[in-house]
Amino acid sequence: MKTTISQVSKHLDQTVTIGAWLANKRSSGKIAFLQLRDGTGFMQGVVVKSDVSEEVFQTAKNLTQETSMYITGKIVEDTRSAFGYEMQVSEIEVIHEAVDYPITPKEHGVEFLMDHRHLWLRSKKQHAVMKIRNEIIRATYQFFTDNDFVKVDPPILTGSSAEGTTELFHTKYFDEEAYLSQSGQLYMEAAAMALGKVFSFGPTFRAEKSKTRRHLIEFWMIEPEMAFMDHEESLKVQENYVSFLVQSVLNNCKLELDVLERDISKLEQVKAPFPRISYDDAITLLKEKGFTDIEWGEDFGAPHETAIAESFDKPVFITNYPAEIKAFYMKPDPNRPEVVLCADLIAPEGYGEIIGGSQRIDDLELMKERYEQHGLNSPAYQWYLELRKYGSVPHSGFGLGLERSVAWIAGVEHVRETIPFPRLLNRLYP
Ligand code: 4AD
Ligand code: MG
């Protein structure tokens, strides 16, 4: 019977056939240990010389790394491995022999691995990261569906910018100028006025000349937008959502977290509610921590965020930033208009900002004023203003960066390993 590694627990003591690749191998004169992978998982196959034909044993001994095969044998328990099962191999049918596979079990440099990303994805660690990414995607759909949100897909080709004009990818749209979407937010605001609670999940593009472990040129963002919800209510959705993501990965990705040697005690603490610190108090905290130069009104960089996060063992919301350093659409605090009703959620352990969110300006006159200040008077924004003209309501939303969240939850140092084919400052290949 044909099955997959993910299903072998259902075939204990049965003989099955699996389509697999050879990940690694150890052998002596009498026995060969094959590390098999089939995409669904990794499992050991044991070939005992005295139990198989001479031909099968020679085939096993000669298998090269990444050779593909149909392999047949009995599934037995293996208490020494985390996986718990292995195959007592009886037959091997080679499909295609791989010659000189470039990624060997020895250490390789990052640039070499990135040049071979199309193959590197096969390795055990990368496999684990992609499975955790998949679980976060699955849990995202579950969370928002369970909470009555409707998935809405904003356009990727746009005529206006959502987050400032300096980081836009320009392209031609026949005779017009167009941009690749930096954020679907403005469209999601329109969708919230039609459907109440909505979320998007799609690729976004930032032509940012940043070369840090947190920046991608193309990344995926989840952007919920909620009509009739103020900023405080939005923070509750955010902490419940992030807690749900972390607990889902803890429950459903035990093997993967083990492969990545993730310290799960840190993740187990990640349960709502999350602590909050105002921008003002964050400035005071930073000064105490030795950042004596920082002045009120300045934006925080990665070292500041890391220093703030160190004071908490859960993700922390930094709230009420100065209006000056935030986007044009954020609603000013009615009691203190120099700050806006917004928050960034900073992940623990130095992973930085994973969410940016705010209450949006719902007043037409104020929005027009902001347009003037930001030089956004183009007709391309007319539709956005009209949302404030016909039954405007308080509304809030946020954007969670998928790759930064995967990096944090999986415990991977750099976001380049959290997306199948990263687009980086100097990388468009493969
Ligand atoms: O803070 P940002 O720029 O917020 C927005 O785009 C809002 N329009 C979202 C909204 O309210 N609907 O981006 C949101 C998140 C960041 O917190 C970060 O996790 C991620 O997107 N992000 C990036 N991730 C990887 N590489 C980059 N260059 C990123 N820029 C932002
Ligand atoms: Mg931000």
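Return the total of residues in region 140-150 being buried (at least 16 other Cβ atoms within 10 Å of the Cβ) and touching a strand residue (DSSP E or B) at 6+ places or on another chain (Cβ under 6 Å).
Going through region 140-150 one residue at a time, the tally reaches 3.
Scanning region 329-361 for residues that are β-branched (V, I, T) and within 16 Å of ligand 2 (Cβ to nearest atom) gives V339, V340, I346, I354, I355. Being surrounded by fewer than 18 Cβ atoms within 10 Å (Cβ to Cβ) and either outside any strand (DSSP E or B) or away from ligand 2 (no atom under 15 Å from the Cβ) (or both) is the filter here, so list the residues in region 312-324 that pass it. Matches in region 312-324: F312, D313, E324. Checking D281, D333, D293, D299 one by one, the residue that is without any contact (Cβ under 8 Å) to a residue 40 or more places away in the chain and closer than 22 Å to E403 by Cβ is D299 and no other.
Kindly indicate whether any position in region 415-430 is more than 10 Å from ligand 1 (Cβ to nearest atom), outside the structural domain of Y321 (by TED's automatic domain parsing) and in contact with a His (Cβ under 6 Å, 6 or more places away or on another chain). Scanning region 415-430 turns up at least one residue that is more than 10 Å from ligand 1 (Cβ to nearest atom), outside the structural domain of Y321 (by TED's automatic domain parsing) and in contact with a His (Cβ under 6 Å, 6 or more places away or on another chain). In this structure, G301 does not qualify as away from ligand 2 (no atom under 13 Å from the Cβ) and surrounded by fewer than 20 Cβ atoms within 10 Å (Cβ to Cβ).
Does S210 satisfy the condition of being surrounded by fewer than 16 Cβ atoms within 10 Å (Cβ to Cβ), hydroxyl-bearing (S, T, Y) and more than 23 Å from K124 (Cα to Cα)? Yes; evaluated as a whole, the condition is true for this residue.
When region 337-359 is filtered for residues that are touching a Pro at 6+ places or on another chain (Cβ under 8 Å) and more than 22 Å from V270 (Cβ to Cβ), the ones remaining, listed by number, are E338, V339, V340, L341, Q359.
Only one of the numbered conditions (1) surrounded by 15 or more Cβ atoms within 10 Å (Cβ to Cβ); (2) more than 19 Å from Q14 (Cβ to Cβ) is not met by I95, and that is (1).
Any residue at all in region 397-411 that is surrounded by 20 or more Cβ atoms within 10 Å (Cβ to Cβ), over 24 Å from E218 (Cβ atoms), in contact (Cβ under 8 Å) with a residue 40 or more places away in the chain and assigned by TED's automatic domain parsing to the domain that holds P322? Within region 397-411 (the criterion being surrounded by 20 or more Cβ atoms within 10 Å (Cβ to Cβ), over 24 Å from E218 (Cβ atoms), in contact (Cβ under 8 Å) with a residue 40 or more places away in the chain and assigned by TED's automatic domain parsing to the domain that holds P322), the answer is no, since none of the residues qualifies. A search for C-beta distances below 6 Å between a residue of region 225-240 that is aromatic (F, W, Y) and any residue that is not in a strand (DSSP E or B), counting only pairs 6+ apart in sequence or on different chains, returns F228/V393. Among the helices (runs of 4 or more DSSP H) confined to region 325-430, the ones with at least 1 residues that are more than 29 Å from L195 (Cβ to Cβ) and at pLDDT below 95 are located at 364-374.
Scanning region 312-363 for residues that are away from ligand 1 (no atom under 11 Å from the Cβ), at negative phi and of a type in the set (D, E) yields D313, E324, D333, E338, D362, D363.
The values are calculated or read from the model by the stated rules, or taken from the named source; none is laboratory data. Please read all numbers here as calculations on a predicted model, not as lab measurements. Neighbour counts are summed over all protein chains in view; Cβ atoms, including those assigned to glycine, are modelled from backbone coordinates with ideal geometry.
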